[in-house]
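The values are calculated or read from the model by the stated rules, or taken from the named source; none is laboratory data. In this text the structure is predicted, and so the values were computed from the model without any measurement. Cβ sites come from the backbone with ideal geometry, for glycine too, and all protein chains shown count toward neighbours. In case anyone asks, the SASA skips ligands and DNA or RNA and just uses the protein heavy atoms, side chains included. Shrake-Rupley method; radii C 1.70, N 1.55, O 1.52, S 1.80 Å.
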Amino acid sequence: MRIVFKIGGSIICPRGVPDINYVKKLSKFLLEIKRKNDIIIVVGGGKMTKDYIRSTRTLNPSESLLDSMGILGARMNAMVVMASLGKHAYPKIVKNKEELEHGIFTRKVVVMGGTVPGQTTNAVAVAAAQFFRANLIIIGTDVKGVYDKDPRKYKSAKMIKNIKTQDLYRMVKVKKHVAGPLIVMDQVAARLLEKTKIRAILLDGRNLENMKKAISCKGFTGTSIE
Ligand code: UTP
């Protein structure tokens, strides 16, 4: 199977510094998965990036400058994962299709962060999955799945177990893209998912046992997006 893993910056760098213990467990897990599958890893920006964006926004820069900060922050986190994968990793953070093609060719583990402004790393993951002709995208974040409202704000929020890509797109399209906020999926990613029809599962990326179950589609907790 070809799998693209999107690992949220929110779990790589939950409190402004990388969680090295988690990163070590994650890379061990990913290398185990790689024995029987081809994989690509995309890493998100996390708290530090969001803090940079929030404080720099007070200076009234363009949204694209703030997005660029997000892109760089995600690449920093990607470097942490790359370091932990050691010799198994393609030795540079992949930034575009040409580099992705070369990375895949080497059969090393490709690690990506952000690419272009106006989206999130979920969109990077879906675009990479399309290029890679992946069968599955695993989106690991710090909530258990897609909720009907923000579970960090509303206790009554309910997790959705299965959602059609059209419905997900309808859910997120009302929100205009702004750099940095914690949204479960951006419009670009949702649109691409709808177009590519690649199966995606959004789950809590801190629970690696559960992630393993999701890969084999056996009794996992998370949201299946099809
Ligand atoms: P993400 O929102 O993808 O980070 O990127 P994240 O930490 O993974 O989010 P969680 O953990 O899944 O919730 C951070 C910001 O970087 C910019 C956007 O502003 C985005 O909100 N970005 C990222 C881009 O503009 N382009 C990219 O390709 C990636």
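Counting heavy atoms of the protein chains only and a 1.4 Å probe, report the per residue accessible area for the chain as a whole number of Å². If you can, show how the numbers build up before the last one.
Values: 11680 Å² over 226 residues.
That works out to 52 Å² per residue.
For the stretch 125-209, give the magnitude of the charge dipole about the Cα centre (Cβ charges: +1 Lys/Arg, -1 Asp/Glu; no others), in debye to the nearest 20. Could the numbers behind the result be given before it?
Values: 18 positive and 8 negative charges, 61 e Å.
With Lys and Arg at +1 and Asp and Glu at -1, about 300 debye.
So what is the diffusion coefficient of the chain in µm² per second by Stokes-Einstein at 25 °C and 0.890 mPa s, using a Kirkwood Rh over Cα pairs?
142 µm²/s
Assuming R0 = 30 Å, what is the FRET efficiency of LYS197 and ARG54, from their Cβ-Cβ distance, to the nearest 0.05?
That pair, LYS197 with ARG54, gives E of 0.25.
Can you list which of the DSSP-assigned H helices in the chain have a Cα extent of 30 Å or more along the long axis and an average Kyte-Doolittle score of at least -1.0?
Passing helices, by number: 63-85.
On the protein heavy atoms, probe 1.4 angstrom, tell me the percent of accessible surface of the stretch 1-143 carried by carbon and sulfur.
The value for the stretch 1-143 is 56 percent carbon and sulfur by accessible area.
Based on the Cβ-Cβ distance of LYS95 and SER62, what FRET efficiency does E = 1/(1 + (r/R0)^6) give at R0 = 30 Å, to the nearest 0.05?
Numbers: r = 21 Å, r/R0 = 0.69.
Calculated value: 0.90.
Between THR106 and MET159, how many nm apart are label points set 7 Å from Cα along the C-beta direction?
Calculated label separation equals 3.7 nm.
Find how many whole Å separate the alpha carbon centroid of the stretch 116-171 from the alpha carbon centroid of the stretch 179-218.
The two parts, judged by their Cα centres, are 4 Å apart.
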